[in-house]
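The values are calculated or read from the model by the stated rules, or taken from the named source; none is laboratory data. These figures come from a predicted structure and were not determined experimentally. No Cβ is skipped: glycine too gets one built from the backbone with ideal geometry, and neighbour counts run over all protein chains shown. In case anyone asks, the SASA skips ligands and DNA or RNA and just uses the protein heavy atoms, side chains included. Shrake-Rupley method; radii C 1.70, N 1.55, O 1.52, S 1.80 Å.
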Amino acid sequence: MPQFETILYDMPAPHVARITQNRPDARNAQDLQLTYDLNAAFDHAAQDDEVKVIILAGSDPHFSAGHDLRGGSGKTHNDFPVVGTWAGFDLPGAEGMMANEEEIYLQMCRRWRNIPKPTIAQVQGKCIAGGLMLAWVCDLIVASDDAAFQDPVVQMGVCGVEYFAHPWELGARKAKEMLFTSDWVSAEEAHRLGMVNHVVPRDELADYTLGIAEKIAQKPSFALKLTKEAVNQSQEAQGQWQAMLSVFNLHQLCHSHNMQLYGRGVDPNGIPGAVRRDG
Ligand code: ZN
């Protein structure tokens, strides 16, 4: 099995690879190391012809706390192979931040969404902001009954996370409510809205998810690949990617606005307990 610093990789059943985010002390917060480990693990599973289905999990207690805003590993883009042709990660102003977020958030998520094999997110506990992006890029989502989903970045002066799938995943009205209020969406509500395929007791989550993966793994791999593409292309035909690209620019405008007001990409007043400074 391949080894990664922040990822566990195993084959819990024939033709099923499981990628487990493994920064439990940081609630699996996604720093550069975890991002590139995830990417390498997905690539490994994609290129292994024995693998037909991929499960994305997170070590307990929570699936994902989102992006690691503290910088996590302390590593820079120079420590990892860039997946795209964009550049200028260290440049000042809006330029560096936009390039950075295009690489590690927007385009990385698009890569993972388009892996030519079915992927299943196995979500327990909290799934916050950047964690949503990881669940959403998967083809199916199975959640434990205690799972809860939240994107609170509006209170930090940003119009939702970088991979803006909210309206597609939740419907336009619920997406707006979730973003405007920063309220949690329970597993049950996410299921009712179609964002989650199944809700199961937490102690059954891994087995239940594996059962679905094993069922899918019995199907012909090429039919699975083309079926995935058929659904993804249907969403593309509805303009999903063009909308995401457009919203990504609004997202960068938010960062730039906060940079001008506060000297950082997010509004520090949005940190819980802060007293507003801009009235
Ligand atoms: Zn951002």
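State yes or no: is TYR36 open to solvent by 10 Å² or more (accessible area, probe 1.4 Å), away from the ligand (no atom under 16 Å from the Cβ) and farther than 30 Å from ARG264 by Cα?
Details: open to solvent by 10 Å² or more (accessible area, probe 1.4 Å): yes; away from the ligand (no atom under 16 Å from the Cβ): yes; farther than 30 Å from ARG264 by Cα: no.
Here the answer is no, as TYR36 does not meet what is asked.
Beta carbons closer than 7 Å, at least 6 apart along the sequence or on distinct chains, pair a first residue in the range 166-177 that is closer than 18 Å to GLN235 by Cβ and open to solvent by 30 Å² or more (accessible area, probe 1.4 Å) with a second that is of a type outside the set (A, V, I, L, M) and at pLDDT 95 or above for TRP168/GLN235; TRP168/GLN240; GLU169/TRP136.
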